[in-house]
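Readers should treat all values here as calculations from the given coordinates under stated rules, not as data from a laboratory. What you see is a predicted model, and the numbers here were worked out from it, not measured in a lab. Don't worry about glycine lacking a Cβ; one is built from the backbone with ideal geometry, like all the others, and counts go over all protein chains shown.
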Amino acid sequence: MTHDVLVPAELEADDALVAVRDATAPDGLVFVHGEAAKPLATPWQVAAERAAMINPERLPSGAVLDVACGSGVQLAALAAILERPAIGVELDPSRARASAHNLRAVAAWFGALEAPWFLASRVLVGDGTAAEDVLHVVEGASIGLLQLDPARPRNSRTHDLEEMAPSPSAVLAAWAPHLARGPDGQAVLLDLSPRLTHDQRLAVEAVVDTHLPGVQRTWVWGSRGGGRVDRLSAWLGGASTPDVARRFVRYPADGSQPLIVEGGRALPLGDDLPQQVRRPPRRGEQVSLIDAALLASGLVEPWLRGHLGEKASLAWTAVDGRRPQVHHDVPLVLASNERGLVQATGRVAAVVHHAPNEDTVDDLVALALEHDVARLTLRCALPADLQPKLQGSLDRQLSRRHGRRQAFLCHAGQGPEVHLLCVDPAVQEGAR
Ligand SMILES: C[S@@+](CC[C@H](N)C(=O)[O-])C[C@H]1O[C@@H](n2cnc3c(N)ncnc32)[C@H](O)[C@@H]1O
């Protein structure tokens, strides 16, 4: 199969491409998309931060190759930030054209239209696994970084590796022999379905070991909030960070610097999800509802211990679902940029032996007032129509009174009825 070649530095206008605003891109950086490609595109903020996380000194010399480049946004961020020529390959011709235009838009935004990396960049229309053919077209260019973000079937239940197009095993088999080596061997950035199970991740490790035996790796969980893992990727060899087995990256909605949690154990040593316990929290203990995406990364316990101390006692009453819940003996005090990793934290002020409903809401208000509460947030599973009604009633009744603290109501982990009123010890001055 031969590949058509697009030269981003020599493009003509293309009316078939549609400009689509990426809310995470700075003013003046506008991307275009081929038909139906927008949902596949990596948001600029994520693409740029990922590129900035690669250490250029550990990267082998040579171009950035993206063998399924889609809109080219990730490829363009890597090429512009690392100042390496981009080689994109894309099966769909309109997406390939969009990639070439987006590469140029990024180069223009970086003031790099005359930069050697941009002038040498190419986008090929065709199969990214046809390594010999691609290398022939780019005249045997050296490949410093291989990026793969394969297409995944929408609505897939299994998230099987072989459902990815092109499959990581086909890409690694085709390209591993052609990748340049640096101090940490070859460099590969492999994007995977965020919903891979631990066993599926181990299957990825096995594929990696077949083609890049023993290569160093950093697994990265990316989240844009809401407790969801949006992106799971394996950063291999020269793209990995020595001695960092896992990294969790939270991209704040306001576009500010991402929050990074690093450490943990290598993946083959376990998924490192906390164990649930049967002992419910007691009055006076602290309860925290943790971001579900941080928990999924297997980094939550080292992160908590970093804040609470090695000797703190930790017990998990929920480790799955939307509200992972842990109780501990010392308060969790967080810097403002870390608060997004915890949905709520507070001291158990009272155990409530009835579920919140329209009959019990007044009792809850009375209990909240006993504990000087100005706002009580319901953080327990409730029917979708009941939740806003109860929250509205609590807000209305408490706003007319004189409480000064924030509080939340959560399950106690002892059947559906028992709940905990947890209060933030901080007093909101001026609230009274
Ligand atoms: C998830 S998208 C990549 C998105 C990209 N990272 C971005 O920032 O826009 C995956 C792309 O792989 C392309 N693709 C699938 N199989 C391919 C193959 N064998 N060779 C090249 N591209 C392929 C699809 O057409 C799709 O555009």
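Relative contact order of the chain, taken over Cα pairs closer than 8 Å and 6 or more residues apart, is 10 percent. Just so you know, the averaged projected area of the alpha carbon convex hull for segment 346-410 sits at 4.0 nm².
Rg/Rh, computed from the Cα trace of segment 286-423 with Rh as the Kirkwood radius, has the value 0.97. In percent, rounded to a whole number, the relative contact order of segment 286-423 is 27, using alpha-carbon pairs under 8 Å and six or more apart.
Find the relative contact order for segment 134-255 and round it to a whole percent, using C-alpha pairs within less than 8 Å whose residues are 6+ positions apart. Relative contact order, segment 134-255: 25 percent.
Relative to the globular-protein estimate of 2.2 N^0.38 Å, the Cα radius of gyration of segment 31-153 stands at 0.95.
Put +1 on the Cβ of each Lys and Arg and -1 on the Cβ of each Asp and Glu in the chain; which of V423, L192, I54 then has its Cα farthest toward the positive end of the dipole? Of the options given, the answer is V423. Candidates V106, A174, L394 compared by Cα position along the dipole of the chain: farthest toward the positive end lies L394, with charges placed on Cβ. For D133, project a label point 7 Å along Cα to C-beta. Then give me every residue of segment 1-33 with its amide nitrogen under 16 Å of that point. Taking a point 7 Å out along Cα→Cβ of D133, the residues of segment 1-33 whose backbone N falls under 16 Å are 1-6.
The orientation-averaged projection of the convex hull spanning the C-alpha atoms of segment 244-346 amounts to 6.9 square nanometres. Think of each Lys and Arg Cβ as +1 and each Asp and Glu Cβ as -1; about the Cα centre, that makes the dipole of the chain roughly 1700 debye.
With the alpha-carbon atoms of segment 1-95 aligned to their principal axes, the span from lowest to highest coordinate is 40, 37, 23 Å, starting with the largest.
For R247, the shell of other residues with beta-carbons less than 12 Å away shows a net charge of +2, using +1 for Lys and Arg and -1 for Asp and Glu. Placing a pseudo-label 7 Å from each Cα along the Cα-to-Cβ vector at E338 and L369 gives an inter-label distance of 3.8 nm.
Most tightly packed first, judged by the mean number of other beta-carbon atoms within 10 Å of their residues, the peptides 15-22, 316-323 read 316-323, 15-22.
In units of the rule-of-thumb radius 2.2 N^0.38 Å, the chain shows an alpha carbon radius of gyration of 1.14. Measuring gaps between exposed loop sites in the chain (GluC sites (Glu not before Pro); DSSP loop; at most 11 other Cβ atoms within 10 Å), the longest gap, sites not included, is 140-309.
Working note: 222 nm ellipticity from helices only, DSSP H runs with n ≥ 4, each -39,500 (n - 2.57), summed and divided by the residues of the chain, gives -7000 deg cm²/dmol to the nearest 500.
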